Number of protein chains: 2
Amino acid sequence: MIEEPKGQAMQLDGRLSRMMHLLIHMDRANGPITSGEAAEMLHTNPVVIRRTMAGLRDVGFVRSIKGHAGGWTLLKPLESISMLDVYKAVGQPRIFAIGLADPAPDCLVEQAVNASMTSALEKAEALLIAQLGEVTLAAIAKDFDRRFSASCASSP
Amino acid sequence: MIEEPKGQAMQLDGRLSRMMHLLIHMDRANGPITSGEAAEMLHTNPVVIRRTMAGLRDVGFVRSIKGHAGGWTLLKPLESISMLDVYKAVGQPRIFAIGLADPAPDCLVEQAVNASMTSALEKAEALLIAQLGEVTLAAIAKDFDRRFSASCASSP
DNA sequence: CATATATGTAACTTCAGACATTACATATGA
DNA sequence: TCATATGTAATGTCTGAAGTTACATATATG
C-alpha cells in the first residue's frame, strides 16, 4: 500500500499564480490599484505585493506611482503577456521540489543516476515552459468571463 | 535583463536520487550492505538510510536483517525496478516547488488562473511520471558500465 | 508648506519539510 | 553474554517563501 502525497496546503511558491491573478484584476480596474487593495484581493500583505510586483515593474508590465492617487497600473495588454512572461518576471522560481542528492558526484554510479534523473526532469521542465508560453493572460481572462457568465446563469 | 535562477544546492528532496544510487550499489555488492556502509556511499547518516529504505522494504524491493552480518539486501532484479517504482516506494514526494496560492479560491479570476496553472503542471507531471516509468535501474546500471569503461580507457 | 497617502526596502519572524544527529530499544550471530 | 545491526522517537539544522514591522521617500491636496 502506497501512501498518497499529503493533500494539505504546504509551502509552495505562489508568486506566479498570485501575479497572474493580480494582473487580470488590474486589467479590469479603472484606475491604479494600491498595494493595500491588491493585498486584500490576494489575502496577503502589501509588502509582499510590492516585493513581488517589483519584478513585473522591472520588465515594464506595470508601473508604480507613489503618493496620493498612486498605486499600480497595467502598461501592456493581457494579450501580450504569457504565463511564461510572468514566470520570468517574478524571477524564474525553482520548478521542482525533487532533484539530485549531489549535482557533481565522484561516484560513477551516481553520475549515471544523475544523468537519468536530469534527463527526465529536463523534459518535464521543457514541457511546462512550453505550456506556460502558450497561454496568455488574455486567454485566462476570457476563461474567467465564461465562468462569470456561468455563475450568473445559475443564480437567478 | 532577467536574473538566472540561483545555482547553488538548496534543499531539494533527494530521496529518489539517493535510493536509486544505493540500489544499484546493492546489486553490485556480494553480501548485505549495512546502513553505515550505505551512509558512507551517500555521504549521509545511517539513520537517514534506514528511514528512507523503510519504504523500499515495505514494497519488497529490499530486505533488512538485524544483528551480526546483517544489513540490507536487494530482493528483486534491477530490470524489474523502474525509477517510478522507486519514486512511489519513497512516498511519492511532492514534485513541484511552484503551485497555486490558494487551491480553492472564491474569486472566479483566481479560479481561472488556477485552472490554467493546474493544466500546465499536470501535463508536466504526467510527462515526468512517464519518463520515470520508462527507465529501469538496470538501464542506469548499464549506463554506469559504459561510463566505467570510458573512464578506464582514459586512465592508462 | 504641511499632511495624508503610497511606494521602496531593510530587518526581522514564521513556517514547512528534508536532512542530520543523538539516544535508546530490540534482534541476532559468534 | 556481547558486539553488531536495525527500528524509531526526539531534537536540532538549514533554506526560502511568506508575513510583519519600521521607517525612508515621493507626491497630490488643502
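The values are calculated or read from the model by the stated rules, or taken from the named source; none is laboratory data. Note that the coordinates shown come from a computational prediction; the quantities given were computed from them, not determined experimentally. Counting neighbours? That spans all protein chains shown, and the Cβs are built from the backbone with ideal geometry, glycine included. Just the protein is used for accessible areas: all its heavy atoms, side chains included, with ligands, DNA and RNA removed. Shrake-Rupley method; radii C 1.70, N 1.55, O 1.52, S 1.80 Å.
Here are some notes:
- Count - residues of segment A:59-71 that are near DNA strand D (Cβ under 7 Å from one of its atoms) and open to solvent by 70 Å² or more (accessible area, probe 1.4 Å): 4
- Criterion (at pLDDT below 95 and either more than 13 Å from the chain's Cα centre (by Cα) or within 14 Å of DNA strand C (Cβ to nearest atom) (or both)) met by exactly one of B:A101, B:A97, B:A69, B:A38: B:A69
- Among residues of segment A:59-70, those that are under 13 Å from A:V90 (Cβ atoms) and within 13 Å of chain B (Cβ to nearest Cβ), counted: 2
- Selected residue (criterion: nearest to A:R94 (Cα to Cα)) from residues of segment A:116-156 that are β-branched (V, I, T) and part of a helix (DSSP H, G or I): A:I129
- Of all residues making up segment A:9-51, the number that are within 12 Å of another protein chain (Cβ to nearest Cβ), among the polar types (S, T, N, Q) and open to solvent by 20 Å² or more (accessible area, probe 1.4 Å): 2
- Residues in segment B:87-98 that are open to solvent by 50 Å² or more (accessible area, probe 1.4 Å) and either free of Cβ contacts under 8 Å to residues at least 60 places away in the same chain or in contact with a helix residue (DSSP H, G or I) (Cβ under 7 Å, 6 or more places away or on another chain) (or both): B:K88 only.
- Inter-residue pairs, beta-carbon under 6 Å, first facing another protein chain (nearest Cβ under 7 Å) and in segment B:111-134, second β-branched (V, I, T) and part of a helix (DSSP H, G or I), 6+ apart: B:A112/A:I140; B:V113/A:I140; B:S116/A:I140
- Only one entry in B:L75, B:L84 is in contact (Cβ under 8 Å) with a residue 24 or more places away in the chain, more than 7 Å from chain A (Cβ to nearest Cβ), farther than 30 Å from A:A139 by Cβ and not hydroxyl-bearing (S, T, Y), namely B:L84.
- B:L56 being open to solvent by 80 Å² or more (accessible area, probe 1.4 Å), away from DNA strand C (no atom under 12 Å from the Cβ) and more than 11 Å from every other protein chain (Cβ to nearest Cβ): no
- Taking the listed residues B:L84, B:L74, the one that is touching a strand residue (DSSP E or B) at 6+ places or on another chain (Cβ under 7 Å), buried (at least 20 other Cβ atoms within 10 Å of the Cβ), of a type outside the set (G, A, S) and closer than 19 Å to A:E110 by Cα is B:L74, with no other qualifying.
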